[in-house]
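Below is one structure, written out as structure tokens; comments come after it.
Just so it is clear, none of the values below were taken in a lab; they were calculated from the coordinates. Because the structure is predicted, anything quoted here is derived from the model rather than measured. Using ideal geometry, Cβ is built from the backbone for each residue, glycine included, and neighbour counts are taken over all protein chains shown.
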Amino acid sequence: MTVYLDCNATTPMEPLVRDAVLKYMAKEFGNAGSRTHEFGTRAKQAVQKARDKIAEMVAAKREEVIFTSGATESNNLAILGLKEYGEQNHKRHIVSTQIEHKAVLEPLVALEKVGFEVTLVPPTKEGWVEPEAIKEAVREDTLLVSVMQVNNETGIIQPIAKMTELLAEHPAYFHTDAAQGFGKDITTLRNPRIDMISVSAHKIYGPKGVGALIMRRRDYQKVPLTPLMYGGGQERGLRPGTLPVHLIVGFGVATELALKNFQERANICRAFRDQALEALAPLKPIIHGDLDHTLSHVINFSIAGLDSEAAILALKKMIAISNGSACTSSSYTPSHVLKAMNLSDTEIQGALRISWCHLTESVDWTEIVKRLKEVLF
């Protein structure tokens, strides 16, 4: 049996989440927008309960949670939704980083094409962006600062708290793509200076196809977003369409479990990482990023003389791993994240990402190391 070690791409679904999703698919199938009968009432109540759980995770309010199809849509809404406000107020500058997910970088490119200026701050070789570099990049006309909470390729936790502290007096909106850190790095996202948070359910053992944009009010004022789609008025007019109640309920259950069990899960993942590092040690792996600043469930590494594609092929029947972001894997291109960290071409070509979770089965590390040695050149 192949052991799944690609949890940064997506996670297995918790059994309790699966049960909740199936219940609201097959039995409680009402439309949360139907107000004339009990099926709709129960569906709306279930959605609101899930909304409360997600808000609780980040110390937000129920009405500040806007459901989307996932973090990619949330990122697009957070970034492109500010376009009109930025133009009207002569704020056309955005600060972000070179290591963001494509779901942030590509909307930024779209804004550049219509006259916005984007400053992408590089990371250190250890994989994080210095808060002072973000502060120095901000200008008087800066509309938005967007920095991911945790990098999807390296697992490096970005120093968001310090960044927001340095920007406390600046009016720019602060957005974080929290797809990888939501439900794992809890304290960071409870910072009230973070105006917008993008999250996905399938990264925390929930269903694919649902996420949220959490938008905090600032001095009782909403973030001035313009919707990207129209029709129906759902989600406070920002995201129209019939709510996928079954997915939202699953998201709520997954969030509730994550908040309850995050420490226990982290301990299990840390023990798994210790085993992996000990087993791989004879191969002298080069770890990309500082493990002291990395979430406990991921390692990005390369081994001298090992090609990543050859390694993945050699291990295909044993473990499922990757050499980059799942969102850009249809045609392999060198990682923009590792390039930004100034790794050598050889290290980038050989980079492997292993990511696991509390549900991961045991792994035969002895056999894995043996097969890797066989494809070294």
Quiz item: Tell me, 128, 356, 365 in order of fewest to most beta-carbon neighbours within 10 Å?
Solution: 365, 128, 356
Practice problem: Express in % the proportion of alpha carbon pairs of the chain at distances exceeding 33 Å. | Solution: 32 percent
Quiz item: Which is the longest stretch in the chain that no exposed loop site breaks, taking sites as GluC sites (Glu not before Pro) with a DSSP loop state and at most 11 other Cβ atoms within 10 Å?
Solution: 170-360
Quiz item: Build a GNM of the chain with springs between Cα atoms under 10 Å: which of 282, 244, 227 gets the top mean-square fluctuation?
Solution: 282
Quiz prompt | Antiparallel DSSP beta bridges within region 15-255, percent to nearest 5 | solution = 45 percent
Quiz prompt | Using alpha-carbon coordinates, inclination of helix 245-280 to the longest axis of the chain, degrees | solution = 20 degrees
Quiz item: By how many degrees, between 0 and 90 and to the nearest 10, does the Cα long axis of helix 15-26 differ from the longest principal axis of the chain?
Solution: 40 degrees
Self-check item: Estimated distance in nm for a label pair at residue 261 and residue 59, the labels positioned 7 Å out from Cα along Cα-to-Cβ
Solution: 2.6 nm
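Between residue 277 and residue 190, take the C-beta separation as r, use R0 = 30 Å, and let me know the FRET efficiency to the nearest 0.05.
Values: r = 31 Å, r/R0 = 1.02.
Step by step, r from the Cβ atoms, then E = 0.45.
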Exercise. As a check on your grasp of the helix formula, calculate [θ] at 222 nm for the chain: sum -39500 (n - 2.57) over DSSP H runs of n ≥ 4, divide by the residue count, round to the nearest 500.
Key: -11000 deg cm²/dmol
Quiz item: What are the trypsin sites (Lys or Arg not before Pro) within region 163-206 that DSSP puts in a loop, where the Cβ has at most 16 other Cβ atoms within 10 Å?
Solution: 193
Quiz item: For residue 97, what is the net charge nearby, where nearby means another residue's Cβ is under 12 Å from its Cβ and Lys, Arg count +1, Asp, Glu -1?
Solution: -3
Quiz item: Hey, fewest Cβ within 10 Å first, where do 173, 230, 24 land in order?
Solution: 230, 24, 173
Quiz item: For labels at residue 345 and residue 219 in the simple 7 Å Cα→Cβ model, what's the distance in nm?
Solution: 5.3 nm
Quiz item: Which whole-Hz ³J(HN,Hα) couplings does region 47-56 yield from phi under the Karplus relation 6.51 cos²θ - 1.76 cosθ + 1.60, θ = phi - 60°, glycine and proline marked x?
Solution: 5, 5, 5, 5, 4, 5, 5, 5, 4, 4
Practice problem: Could you work out which residue, out of 163, 341, 25, moves most in a Gaussian network model of the chain, that is, has the largest mean-square fluctuation with Cα springs under 10 Å? | Solution: 25
Practice problem: Multiply the residue separation of residue 19 and residue 370 by 0.36 nm, subtract the distance between their alpha-carbon atoms, and state the gained length in nm to one decimal. | Solution: 122.4 nm
Quiz item: Which of the trypsin sites (Lys or Arg not before Pro) across region 18-69 are loop residues per DSSP, with 15 or fewer other Cβ within 10 Å?
Solution: 27, 35, 61
Quiz item: Using the Kirkwood radius built from alpha carbon pairs, what does the Stokes-Einstein equation give as D for region 156-235 at 20 °C and 1.002 mPa s, in µm² per second?
Solution: 151 µm²/s
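Would you mind getting me the FRET efficiency between residue 3 and residue 29? Use the beta-carbon distance for r and R0 = 25 Å, nearest 0.05.
Details: r = 35 Å, r/R0 = 1.42.
The computed FRET efficiency comes out at 0.10.
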Quiz item: What is the fewest-to-most order of 219, 290 by other Cβ atoms lying within 10 Å of their Cβ?
Solution: 219, 290
